[in-house]
1. Sort through 120, 134, 161, 128 and tell me the only one that's within 14 Å of residue 25 (Cβ to Cβ) and either of a type in the set (S, T, N, Q) or surrounded by 14 or more Cβ atoms within 10 Å (Cβ to Cβ) (or both).
2. If you check residue 79 against the conditions, is it without any contact (Cβ under 8 Å) to a residue 40 or more places away in the chain, open to solvent by less than 70 Å² (accessible area, probe 1.4 Å) and not hydrophobic (A, V, I, L, M, F, W, C)?
3. When only residues in the stretch 110-147 that are aliphatic (A, V, I, L, M) and closer than 21 Å to residue 75 by Cα count, which is modelled with the lowest pLDDT?
4. Go through (1) under 15 Å from residue 33 (Cα atoms); (2) surrounded by fewer than 17 Cβ atoms within 10 Å (Cβ to Cβ) one by one and return the number of the condition residue 87 breaks.
5. Quick one: is residue 94 within 19 Å of residue 120 (Cα to Cα) and over 15 Å from the mean Cα position of the chain (by Cα)?
6. Can you work out which of the residues in the stretch 137-158 that are open to solvent by 70 Å² or more (accessible area, probe 1.4 Å) and hydroxyl-bearing (Ser, Thr, Tyr) is nearest to residue 96 (Cα to Cα)?
Amino acid sequence: MSQDAPATAQQPASLEQAVKASFLFKFAPFVSWPAAAQPQGGPFNICLRGEDPFGATLDEVVRGQRISGRSVSVRRLGDNGNLGGCQMLFAGRSTATSYAPFAEIDGQPILTVSDQKSGVDGAMIQFVMQNGRVRFQIDSTAARANGLTISSKLLGMAVSVDRR
C-alpha cells in the first residue's frame with residue numbers, strides 16, 4: 001500500500017482497532033460519491049491523518065480488495081498531508097496545536113471518519129464504544145453537504161443519525 005508519510009510504529013492493533021479498520025473499509029460500498037470524485041482507473045484512496053491507530057491491520061484488511069471495481073490504497077498523511085485523490089479520510093489524534101484534520105474538506109466529496117476516543121470532532125462517521133462493542137454514529141447532514149449519499153442500510157446500523 002502506498003504511504004505519503006511515515007506511519008507510526010507498526011505494532012499489532014488491538015481487536016478493537018481491527019474491528020474499526022474492517023468497518024472503515026466496509027463503509028465505502030454504502031456511500032455514493034459524485035461521478036467527478038470517482039476517477040476512472042485510479043485506486044480508491046483511504047487516507048489517514050494524525051496518528052495511525054491501525055498500523056499494518058488496515059493494510060491487511062484492504063489487501064487485494066476492490067471498491068466499485070477499483071483497487072484500494074491506504075495513504076498515511078501525517079498531520080497535514082495533501083488530500084488530493086482521497087475518497088475517505090480517517091482522522092486520528094494529534095499533538096499538533098493547529099491540528100484541524102477536516103478544515104479544508106468543507107464541500108469536498110470526502111467521507112470523513114474519526115474515533116470518539118481520539119477527541120477529533122466533526123466527522124461524518126464517528127466510532128463510539130457501547131457496552132464493550134464498536135459502534136458508529138453518522139452525521140448525514142454533513143455527508144449531504146459534501147455531496148455524499150449514505151445508504152439507508154448503513155444509516156440503519158448506526159447507533160445515532162443526525163438527519164437535520
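The values are calculated or read from the model by the stated rules, or taken from the named source; none is laboratory data. None of these values were measured; they are calculated from a predicted model. Neighbour counts run over all protein chains shown; Cβ positions are idealised from the backbone, glycine included. For accessibility, only protein heavy atoms count, side chains too; no ligands or nucleic acids. Shrake-Rupley method; radii C 1.70, N 1.55, O 1.52, S 1.80 Å.
1. 134 is the lone residue from the list that is within 14 Å of residue 25 (Cβ to Cβ) and either of a type in the set (S, T, N, Q) or surrounded by 14 or more Cβ atoms within 10 Å (Cβ to Cβ) (or both).
2. Working: without any contact (Cβ under 8 Å) to a residue 40 or more places away in the chain: yes; open to solvent by less than 70 Å² (accessible area, probe 1.4 Å): yes; not hydrophobic (A, V, I, L, M, F, W, C): yes.
Here the answer is yes, as residue 79 does meet what is asked.
3. Restricting attention to the stretch 110-147, the residues satisfying the condition of being aliphatic (A, V, I, L, M) are 110-111, 113, 120, 123-125, 128-129, 134, 138, 142-143, 145.
Then keep just the ones that are closer than 21 Å to residue 75 by Cα; that gives 110-111, 113, 120, 123-125.
Values: 110: 95, 111: 96, 113: 97, 120: 88, 123: 95, 124: 96, 125: 97.
In this case the residue turns out to be 120.
4. (2)
5. Numbers: within 19 Å of residue 120 (Cα to Cα): yes; over 15 Å from the mean Cα position of the chain (by Cα): yes.
Taking the combined requirement at face value, the residue satisfies it.
6. Going through the stretch 137-158, the residues open to solvent by 70 Å² or more (accessible area, probe 1.4 Å) turn out to be 144-145, 149, 152-153, 157.
Narrowing further to those that are hydroxyl-bearing (Ser, Thr, Tyr): 149, 152.
Details: 149: 32, 152: 36 Å.
Among those residues, the one meeting the criterion is 149.
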